[in-house]
1. Give me a count of the residues in region 5-18 that are more than 16 Å from Leu193 (Cα to Cα) and either over 13 Å from the mean Cα position of the chain (by Cα) or touching a residue at least 60 places away in the same chain (Cβ under 8 Å) (or both).
2. Being surrounded by fewer than 17 Cβ atoms within 10 Å (Cβ to Cβ), in contact (Cβ under 8 Å) with a residue 12 or more places away in the chain and closer than 24 Å to Leu157 by Cα: is that true of Phe111 here?
3. Could you pull out the residue among Ala74, Ala11, Ala17 that is crowded, with 20+ Cβ neighbours inside 10 Å and either within 9 Å of the ligand (Cβ to nearest atom) or on the phi > 0 side of the Ramachandran plot (or both)?
4. So which residues in region 175-201 are touching a Leu at 6+ places or on another chain (Cβ under 7 Å) and either at pLDDT below 95 or under 17 Å from Leu141 (Cα atoms) (or both)?
5. If a residue must be of a type in the set (Phe, Trp, Tyr), part of a helix (DSSP H, G or I) and within 16 Å of the ligand (Cβ to nearest atom), how many such residues does region 92-137 contain?
6. When the residues of region 121-148 are narrowed to those that are of a type in the set (A, V, I, L, M) and more than 26 Å from Ala21 (Cα to Cα), which ends up surrounded by the fewest Cβ atoms within 10 Å (Cβ to Cβ)?
7. Identify all residues within region 145-157 that are under 16 Å from Glu93 (Cα atoms) and either touching a residue at least 24 places away in the same chain (Cβ under 8 Å) or part of a loop (DSSP other than H, G, I, E, B) (or both); write none if there are none.
8. I'm told Gly144 meets every condition in (1) touching a Lys or Arg at 6+ places or on another chain (Cβ under 9 Å); (2) on the phi > 0 side of the Ramachandran plot except one. Can you identify the failing condition by its number?
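The values are calculated or read from the model by the stated rules, or taken from the named source; none is laboratory data. Since we're looking at a predicted model, the values are computed, not measured. Cβ atoms come from the backbone with ideal geometry, glycine included; neighbour counts cover every protein chain shown.
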Amino acid sequence: MKLYVWPGTCALATHIALLEAGAAFQTVQANIFDKTLADGSDYLAINLKGTVPALVDDDGAVWTETVALLDWVAQQSEALKPRTAQERARQLEMLAFLATEVQKPFAFTYFVPGDDAAATLRAFLESRLEFLARGLDGPYLLAGRYSVADALLYVLLRWADAAGYAPAPALVALRDRVEARPAVRRALAAQALAPVRDATG
Ligand SMILES: N[C@@H](CCC(=O)N[C@@H](CS)C(=O)NCC(=O)O)C(=O)O
């Protein structure tokens, strides 16, 4: 299996999840700006969307979309697999929220044309982070058990830190808890990324 990534992007969540699951895979860097691979070949020939993550399975099938990939990885792993259909539905509910209400608006903040849009997006994202903090009922997002949703939230909280947001202490604690996991440390090292905690003390 090959996972196409670009350092620090949402692909980091799938990278973490695959390591947590003990999956056999290799990572390949795809430049999301010029859509090339390291050998100069065309990334669009692999993933027409030109985005990461993309997973190419052992049969050569290409899979994209963080929500689908994280759900699939979780289903492959005893440690990550939701224990009931209801738990899986709750996990999908959370993944969809993170992907549509936080991940995508965050991406727009890098490209907004004017200050008005930037301020609107920032207020929107602050309200979503506040919602997540208020809904926390334990060390992790879902019923107190570590899940692939925490891996995605971790990536988004890295972005929040880089953009100068000040999430609630409970979210910062969750971020640090996730960051301390061996699989997360391995993914960060593989993508040559520094842990947030080391940067913020
Ligand atoms: N809906 C996709 C979004 C993927 C996405 O936008 N990835 C970003 C990095 S976080 C990217 O590759 N952007 C490059 C581009 O949009 O051209 C997912 O959740 O996987």
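1. So the count comes out to 1.
2. No; evaluated as a whole, the condition is false for this residue.
3. Ala11
4. Within region 175-201, Arg175 is the sole residue that qualifies.
5. The qualifying residues number 3.
6. Among residues in region 121-148 that are of a type in the set (A, V, I, L, M) and more than 26 Å from Ala21 (Cα to Cα), the one surrounded by the fewest Cβ atoms within 10 Å (Cβ to Cβ) is Ala123.
7. Tyr146, Ser147, Val148, Ala149, Asp150, Ala151, Leu152, Leu153
8. Of (1) touching a Lys or Arg at 6+ places or on another chain (Cβ under 9 Å); (2) on the phi > 0 side of the Ramachandran plot, only one is false for Gly144: (1).
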